[in-house]
1. Counting only protein chains, not ligands or nucleic acids, how are B:Met78, A:Met32 ordered by accessible area (probe 1.4 Å), most first?
2. I'd like the interface area for chains B and A: accessible area of each alone minus the complex, both sides summed, 1.4 Å probe, protein heavy atoms only. What is it in Å² to the nearest 100?
3. Considering only protein heavy atoms and a 1.4 Å probe, what is the carbon-and-sulfur percentage of the accessible area of the stretch A:42-94?
4. Relative contact order, percent, of chain A when contacts are C-alpha pairs under 8 Å separated by at least 6 residues?
5. Classify the protein assembly as shown: rounded, prolate or oblate, from the alpha-carbon gyration tensor (a ≥ b ≥ c, eigenvalue square roots; a/c under 1.5 rounded; otherwise prolate if a/b is larger than b/c)?
6. For chain A, what ratio Rg/Rh do Cα atoms give with a Kirkwood hydrodynamic radius?
7. Over chain B, what number does the Rg to Rh ratio reach, with both radii from the alpha-carbon atoms and Rh per Kirkwood?
8. Return the residues of the stretch A:41-57 for which accessible area with all protein chains present is lower than in the chain on its own by 20 Å² or more; set the probe to 1.4 Å and exclude ligands, DNA and RNA.
Amino acid sequence: DGGITQSPKYLFRKEGQNVTLSCEQNLNHDAMYWYRQDPGQGLRLIYYSQIVNDFQKGDIAEGYSVSREKKESFPLTVTSAQKNPTAFYLCASSIDPNTEAFFGQGTRLTVV
Amino acid sequence: QQQVKQSPQSLIVQKGGIPIINCAYENTAFDYFPWYQQFPGKGPALLIAIRPDVSEKKEGRFTISFNKSAKQFSLHIMDSQPGDSATYFCAASYYGGKLIFGQGTELSVKP
C-alpha cells in the first residue's frame, strides 16, 4: 500500500527527555512537513523539507529538530527545550508544496 | 503576510443546510488553495482545491468560490449530512514555498 506512516500512534515522555517521532512515505514525494495541532489552533508548521539533506524552519521550530537523510524518511525530535510538547503531531508529504499533501494518521505525544 | 485567516471557528447546521466557511489571505504569491477535512483522531485529507485562474470549482456537494481581488475563498457544502461533521481547514501555498493552514472550522450537522 502506498502512503505515509507515522509511528508510534501514542507516545508518553517524561519531562526533560528527548523523543523522536517517525515519519516514512513510499509515495516518492520530494516535500515533507511536520505540523503540530492543538485544540482551536489549527495546524502549525514546525519544519519542512523540499529535498533530501535540506530542510527549513516553520513557524514554531523552537525546541524541535529534524533530519532528511533519505527521501522516504523525515523524523522529528522533540527536545527537552520544547516547553509545552503535549500535542497531536502530523507528518505530511507532497510532490511539491503546490500539490495535494497526504497526511499520516498522527502521533499523540503526552508529557507525564 | 504568510497567514491564512479562517472563519467561523465553529458552525452548527441542520441536515440539508448549506454551511459556508470563509478564508482570507494576504500573500499574493499564493496560487494553490486546498481544503482539507479531518475526522477526530485522524490526519486531514484533501477535499477539493482551486487555483486562481478560476472563480469556482465543484466536486460533488462541495464547492469552492474564489475571489482573487478580495483575496478570499470559501467552501460551501450543499445538502449537508451528519457524516459531514468534521473539522475543515483551508490552506494556501505557492510553488517552492510552504503549505500554510487556517485555524480550522469545527462543523456539526444535526440530523
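The values are calculated or read from the model by the stated rules, or taken from the named source; none is laboratory data. Not measured: the values here are computed from a predicted model. The accessibility values were calculated without ligands, DNA or RNA, using every heavy atom of the protein model including side chains. Shrake-Rupley method; radii C 1.70, N 1.55, O 1.52, S 1.80 Å.
1. The most accessible residue leads, giving B:Met78, A:Met32.
2. Separately minus together, B and A give about 1900 Å² buried.
3. It is 45 percent, rounded to a whole number.
4. The normalised contact order for chain A reaches 35 percent.
5. Prolate, since a/c reaches 1.5 and a/b exceeds b/c.
6. For chain A, the value is 0.94.
7. That ratio equals 0.96.
8. Residues shielded by partner chains are A:Gly42, A:Leu43, A:Leu45, A:Tyr48, A:Gln50.
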